[in-house]
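Note sheet for the following structure.
The values are calculated or read from the model by the stated rules, or taken from the named source; none is laboratory data. Remember, it's a predicted structure, so these values are computed and weren't measured experimentally. Neighbour counts run over all protein chains shown; Cβ positions are idealised from the backbone, glycine included.
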Amino acid sequence: MSPAMEPAEGSHLDALAYLECAMGLLGSVLLKLVRSAYGRYASPRPACRVPARAAWALQELPSLAVPLWVCARTAAERLRHAPNRVLLAMFLVHYAQRSLIFPFLIRGGKPMPLYTCTLAFMFCVYNGYLQSRYLSQYAVYADDWVTDPRFLVGFCLWLIGMLINIHSDHILRNLRKPGETGYKIPRGGLFEYVTAANYFGEVVEWCGYALASWSIQGGAFAAFTFCILVSRAQQHHQWYLERFEDYPKFRKIIIPFLL
């Protein structure tokens, strides 16, 4: 790529980041108008569906595969610098867990509508390209950025958020004993304080990534995640309140002591 083209693509990546923010806001509005159609909210009407494990693996995989492809087919000049490598590794570690480990831990799981899986797949292609292209070609950090307070705090938040997310998923998987069916109230961990502890962990994780990257691209991903997961958490919270008379009324929706 010629030097004259680099500023143009840099602006293009900024535009894609702003578009991602807009997609998050639009998605939040749509989720309030039209409920999610998978899992406990799946429609009984016949529809083309993908088995749960396959759906989760396929829809999350582009966020792992696309960055690897982007870095393999280009010089990836910026990855010579430690901050860029660490930030991209943070992104890849999350999606390695989500696409290669999480789906195969699912117990049962209702099939997912094909269109839901397809939308998630398309977003992961989009965001995987945006984050990896920016970090591998355009993000400029001082070599000592990894000691900057913004990076250190962001990295800690990312790690804490990922651990909360993984632990909360573990709690949800083990709500039922072998042979049991039906839904139960989650207990333990941050579920004692919020309905959507798993979503809270993911929001913290990507807000930490955004702080550590100190970029429009990282911020856009955090904003998109927040918009979508808050809407889903509100739906879950209302469902629990309607289904269980003894559901703890003091629990917040997604953020302890706040929301």
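The residue that is modelled with the lowest pLDDT, counting only those in segment 70-83 that are of a type outside the set (A, V, I, L, M) and surrounded by 14 or more Cβ atoms within 10 Å (Cβ to Cβ), is 74.
Residue pairs whose Cβ atoms lie under 8 Å apart, sitting 6 or more positions apart in sequence or on different chains, and linking a residue in segment 144-155 that is surrounded by 13 or more Cβ atoms within 10 Å (Cβ to Cβ) to a partner that is of a type in the set (Val, Ile, Thr) and part of a helix (DSSP H, G or I), are 146/86; 152/146; 155/86. Assess whether residue 124 counts as being under 15 Å from the mean Cα position of the chain (by Cα), part of a helix (DSSP H, G or I), at pLDDT below 95 and at negative phi. Spelling it out, it is not the case that residue 124 is under 15 Å from the mean Cα position of the chain (by Cα), part of a helix (DSSP H, G or I), at pLDDT below 95 and at negative phi. Residue 107 meets the conditions (1) surrounded by 14 or more Cβ atoms within 10 Å (Cβ to Cβ); (2) within 22 Å of residue 163 (Cβ to Cβ) in every case but one. The failed one is (1). Hey, any hits in segment 10-19 for a residue that's modelled with pLDDT of 95 or more and either under 28 Å from residue 167 (Cβ atoms) or of a type in the set (Phe, Trp, Tyr) (or both)? Yes, segment 10-19 contains at least one residue that is modelled with pLDDT of 95 or more and either under 28 Å from residue 167 (Cβ atoms) or of a type in the set (Phe, Trp, Tyr) (or both). For segment 172-196, how many residues are part of a helix (DSSP H, G or I), among the hydrophobic types (A, V, I, L, M, F, W, C) and within 20 Å of residue 249 (Cβ to Cβ)? Of the residues in segment 172-196, 2 are part of a helix (DSSP H, G or I), among the hydrophobic types (A, V, I, L, M, F, W, C) and within 20 Å of residue 249 (Cβ to Cβ).
Pairs meeting the criteria (first residue in segment 72-95 and over 17 Å from residue 206 (Cα atoms), second residue of a type in the set (Val, Ile, Thr), beta carbons under 7 Å, at least 6 apart or on different chains) are 82/146.
Return the residue satisfying two criteria in turn: it lies in segment 235-259 and is under 16 Å from residue 193 (Cβ atoms) and buried (at least 16 other Cβ atoms within 10 Å of the Cβ), and of such residues it is nearest to the chain's Cα centre (by Cα).
Restricting attention to segment 235-259, the residues satisfying the condition of being under 16 Å from residue 193 (Cβ atoms) are 236-237, 240-241, 247-259.
Those left that are additionally buried (at least 16 other Cβ atoms within 10 Å of the Cβ): 236-237, 240, 251-255.
Details: 236: 17, 237: 19, 240: 23, 251: 23, 252: 20, 253: 17, 254: 14, 255: 16 Å.
Out of the qualifying residues, it is 254.
The requirement of being closer than 16 Å to residue 18 by Cα and either of a type in the set (Ser, Thr, Tyr) or assigned to a helix (DSSP H, G or I) (or both) is not satisfied by residue 233.
So which pairs qualify, if the first residue must be in segment 13-28 and touching a residue at least 40 places away in the same chain (Cβ under 8 Å), the second must be polar (S, T, N, Q) and surrounded by 18 or more Cβ atoms within 10 Å (Cβ to Cβ), the Cβ gap must be under 7 Å, and the two must be at least 6 apart or on different chains? Filtered contacts from segment 13-28: 13/217; 17/217; 20/127; 28/231.
Taking first residues from segment 183-197 that are free of Cβ contacts under 8 Å to residues at least 60 places away in the same chain and under 14 Å from residue 258 (Cα atoms) and partners that are hydroxyl-bearing (Ser, Thr, Tyr) and assigned to a loop (DSSP other than H, G, I, E, B), the Cβ contacts under 9 Å between residues at least 6 apart in sequence or on separate chains come to 195/247. Residue pairs whose Cβ atoms lie under 7 Å apart, separated by 6 or more positions or on different chains, with the first residue in segment 103-116 and farther than 14 Å from residue 176 by Cβ and the second among the β-branched types (Val, Ile, Thr) and assigned to a strand (DSSP E or B), are 111/50; 112/50; 114/50. Only one of the numbered conditions (1) closer than 26 Å to residue 230 by Cα; (2) modelled with pLDDT under 95; (3) of a type in the set (Lys, Arg) is violated by residue 177, and that is (1).
How many residues does segment 237-247 contain that are part of a loop (DSSP other than H, G, I, E, B) and either without any contact (Cβ under 8 Å) to a residue 60 or more places away in the chain or in contact with a Ser or Thr (Cβ under 9 Å, 6 or more places away or on another chain) (or both)?
Keep residues of segment 237-247 that are part of a loop (DSSP other than H, G, I, E, B), which gives 244-247.
Retained after the next criterion (residues that are either without any contact (Cβ under 8 Å) to a residue 60 or more places away in the chain or in contact with a Ser or Thr (Cβ under 9 Å, 6 or more places away or on another chain) (or both)): 244-245, 247.
Within segment 237-247, residues that are part of a loop (DSSP other than H, G, I, E, B) and either without any contact (Cβ under 8 Å) to a residue 60 or more places away in the chain or in contact with a Ser or Thr (Cβ under 9 Å, 6 or more places away or on another chain) (or both) number 3.
Taking the residues in segment 168-221 that are of a type in the set (Val, Ile, Thr) and more than 18 Å from residue 239 (Cβ to Cβ) as candidates, determine which candidate is surrounded by the fewest Cβ atoms within 10 Å (Cβ to Cβ).
Here is the first cut: in segment 168-221, the ones of a type in the set (Val, Ile, Thr) are 171, 181, 185, 194-195, 203-204, 216.
Applying the additional criterion that residues be more than 18 Å from residue 239 (Cβ to Cβ) yields 203-204, 216.
On the way: 203: 22, 204: 22, 216: 19.
The qualifying residue surrounded by the fewest Cβ atoms within 10 Å (Cβ to Cβ) is 216.
Checked against (1) under 15 Å from residue 90 (Cβ atoms); (2) in a helix (DSSP H, G or I), residue 141 passes all but a single condition, namely (2).
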